[in-house]
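These notes concern the structure reproduced below.
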């Protein structure tokens, strides 16, 4: 019964939150209407999204988001320095292959998004079998270090959240 | 007064990082390297500008949280457009030995033959 009424509980919570933020003014009526939308939209779109993404430890997402925001700030300053003061000929751009331990599509999407958002690396492609990610690094004298950092810092945490 | 200084600092840092992103776009010399410029402008650059707007709204008006939504949607969509540009570049590289080779001898999704 609960599964029929709330096919995607996380989506319901997210829709309520987004509705409250959109209205931008907190009243009880906003919350009630947000809840109505949060219940109706997942039911209406259920047919297009038969699998429920499993997120066994969603609270760890908060820690992950905080780390990513911190990394974005640090990496931005680092890359700004590279762009402004390093000559093109001194740079060593490199393709980095990151073998994946993650299997959930949602988790791989999040990892690829994180890599692109943190400056200095852009994720470009996934291997045809979904077991490796192709990443381009702006200035990487040591491509293996970039790969190890991505695996240690981001993928390990995503594994804890999603699998 | 202190709040105004904070707002000004946030605006200036936002402008600075957006400018650096554009300089990167001009200065860097390969298509893949150029892609790194705009990813900066869209994260910390726009992020600081939105932060400034939010601080101002809370200090002088009722407060507004729309900026959080703008940031969230931007952070979700920016990697997708970056990925699209990277994919176009990969298709142009098709057949050239420029790309990193996969250890198992498998192929990348964009360049595979099927």
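Nothing in this text is a laboratory measurement; each read-out follows from the coordinates by a stated rule. Just so you know, these numbers come straight off a predicted model, no measurement behind them. We place every Cβ from the backbone using ideal geometry, glycine too, and count neighbours over all the protein chains shown.
Distance distribution note for region B:2-92: the fraction of Cα pairs above 22 angstrom is 37%.
Between residue A:44 and residue A:163, the FRET efficiency estimated from the beta carbon spacing at R0 = 22 angstrom works out to 0.15.
Each stretch of four or more DSSP H residues adds -39500 (n - 2.57); spread over every residue of chain A, this sum gives -17000 deg cm²/dmol at 222 nm. Modelled this way, with points 7 Å down the Cα-to-C-beta line, the labels at residue A:54 and residue A:25 are 4.5 nm from one another. In this label model, residue B:16 and residue B:61 are separated by 2.8 nm, measuring between points 7 Å along each Cα→Cβ vector.
Which parts of region A:94-112 would a label at residue A:142 reach, counting a residue when its backbone N lies under 19 Å from a point 7 Å out along Cα-to-Cβ? Of the residues in region A:94-112, A:94-99 have backbone N under 19 Å from the label point off residue A:142.
Hull surface divided by four, with the convex hull built on the Cα atoms of chain A: how many nm²?
Details: hull surface 49.7 nm².
So the mean shadow area of the Cα hull is 12.4 nm².
Please pull out the direction-averaged projected area of region A:83-163, using the convex hull of its alpha-carbon atoms, in nm² to one decimal place. Mind dumping the intermediate values first?
Values: hull surface 21.6 nm².
Quarter of the Cα hull surface area: 5.4 nm².
Computed from the C-beta positions of residue B:9 and residue A:63, the FRET efficiency with R₀ = 35 Å rounds to 0.80. Take each residue in A:70-82, count the other chain C-beta atoms within 10 Å of its C-beta, and the mean is 4.
Two numbers describe the Cα atoms of the protein assembly as shown: Rg and Dmax, which are 20.8, 64 Å.
Per-peptide packing, taken as the mean over residues of other Cβ atoms within 10 Å, places B:55-61, A:119-125 in the sequence A:119-125, B:55-61 from highest down.
How much of the calculated P(r) for region A:2-48 lies past 13 Å, in percent of all Cα pairs? Before the final figure, lay out the partial values.
Working: 537 of 1081 pairs.
When all Cα pairs of region A:2-48 are counted, 50 percent exceed 13 Å.
Remark: spin-label model distance residue A:101-residue B:27 equals 3.8 nm, labels positioned 7 Å along the Cα→Cβ axis.
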